Amino acid sequence: MVVFGGNKVGQVVAGIGGNGLGQILAAVATALLFHLFSGPGPALPPEADQEDRDEDDFAGDSESSDSTADGKVFPVTIRWRNITCSLSDKSSKSVRFLLKNVSGEAKPGRLLAIMGPSGSGKTTLLNVLAGQMMASPRVHLSGLLEVNGKPSSNKAYKFAYVRQEDLFFSQLTVREMLSLAAELQRPEIPSMEERDEYVNTLLFKLGLVSCADTRIGDAKVRGISGGEKKRLSLACELIASPSVIFADEPTTGLDAFQAEKVMETLRQLAQDGHSVICSIQWTGLDRTGPN
Ligand SMILES: Nc1ncnc2c1ncn2[C@@H]1O[C@H](COP(=O)(O)OP(=O)(O)OP(=O)(O)O)[C@@H](O)[C@H]1O
């Protein structure tokens with residue numbers, strides 16, 4: 001059990017819409033910018049508090065490569081100790097803790113679910129772990145973050161971050177969206193045929209074959225389901241061969257069937273060797289809770 005800003009949180013191991021060329025170009029630029037800025041952001045400064053470092057527990061080494069020579073996922077273990085994040089308010093001279101002494105570990109082959117009610121700090125923790133905290137003089141961060149046994153540094157590993165909001169070209173089909181994403185992110189794939197084959201593999205892996213030629217859609221034009229959108233987000237992120245996958249509330253807003261399919265996909269990605277960390281909003285209505 002860890003504590004987030006005062007709330008108890010259980011840890012379980014367990015579009016861009018629009019029409020027209022102008023908007024497509026704008027969206028391509030947005031996608032490129034998104035990927036430029038979605039690399040590891042400001043990392044948690046390695047803290048002096050390294051007493052409880054136990055390097056023997058780490059199987060990985062410090063290589064920063066993201067996939068092994070045979071195309072397998074490069075294994076990355078992340079460990080965090082006593083992460084504290086606070087917000088200071090100069091006018092009222094008060095400090096608000098968003099995270100307080102949070103510790104944990106994510107390993108390759110495991111799916112880690114961070115559970116808690118709304119506002120308990122789940123997104124904040126994912127942002128800290130992914131080095132995506134917004135730089136602000138009001139935000140104070142402390143604690144220890146290790147990647148494969150070494151204090152984390154920028155660009156230490158490749159990660160995917162599936163956020164709560166999905167960003168897509170609503171007019172494209174699922175296949176077209178993946179093909180475009182592959183063209184932007186994997187320019188080394190030489191021919192269209194090979195790219196098509198790569199996209200087909202992704203469609204199969206993410207269970208998107210049946211909706212491959214359906215438009216993504218948006219609020220105005222009905223397209224693929226919410227669960228399919230979430231799995232398409234995962235597929236787009238997988239193109240970059242990440243070692244670690246962060247997914248912020250991937251099941252929120254989905255019905256039980258779609259939520260189960262998304263979680264099954266994440267479980268499968270963990271089995272493929274990715275370290276998967278997701279947040280789940282836990283309302284407490286389910287008395288059984290995380291186990
Ligand atoms: N930069 C910030 N400035 C002010 N408050 C912030 C900031 N970042 C987070 N918070 C606050 O910290 C708390 C935790 O936010 P966070 O988004 O991490 O929670 P969460 O558990 O992911 O919530 P939800 O399930 O609703 O998405 C919230 O009360 C939020 O308003």
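The values are calculated or read from the model by the stated rules, or taken from the named source; none is laboratory data. Remember, it's a predicted structure, so these values are computed and weren't measured experimentally. Neighbour counts are summed over all protein chains in view; Cβ atoms, including those assigned to glycine, are modelled from backbone coordinates with ideal geometry. Keep in mind that these areas ignore ligands, DNA and RNA; they rest on the heavy atoms of the full protein, side chains included. Shrake-Rupley method; radii C 1.70, N 1.55, O 1.52, S 1.80 Å.
So the values come out like this:
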read-out	value
Spacing of the two label points (7 Å from each Cα toward its C-beta) at ARG222 and TYR198, in nm	3.5 nm
Rg(Cα)/(2.2 N^0.38 Å) for the stretch 159-291, N = residue count	1.07
Probe 1.4 Å, all protein chains present, accessible-area order of LYS220, LYS230, LYS261, largest first	LYS220, LYS261, LYS230
Under-5 Å amide H pairs with HIS274, H placed in peptide plane, nonlocal only	GLY109
Net length gained if the chain between ASN101 and ASP272 were fully extended (0.36 nm per residue, minus Cα distance)	58.5 nm
Hydrodynamic radius of the stretch 174-238 per Kirkwood, over alpha carbon pairs, in Å	12.0 Å
Part-to-part distance (alpha-carbon centres) for the stretch 108-146 and the stretch 240-281, which is given in Å	17 Å
Entries in LYS230/LYS261; LYS72/LYS107; LYS122/LYS220 that, when Cα-Cα distance is taken, lie over 21 Å	LYS122/LYS220
Ranked order, TRP80, TRP282 - accessible area, probe 1.4 Å, largest first	TRP282, TRP80
Mean Cα-pair separation over length for the stretch 92-204, i.e. relative contact order, pairs under 8 Å, 6 or more apart, %	14 percent
Heavy atoms of PHE169: accessible area, 1.4 Å probe, square angstrom to 10	20 Å²
Accessible-area value, THR84, 1.4 Å probe, nucleic acids and ligands omitted, Å²	20 Å²
Net charge of neighbours whose Cβ lies under 11 Å from the Cβ of LYS229, counting Lys and Arg as +1 and Asp and Glu as -1	-2
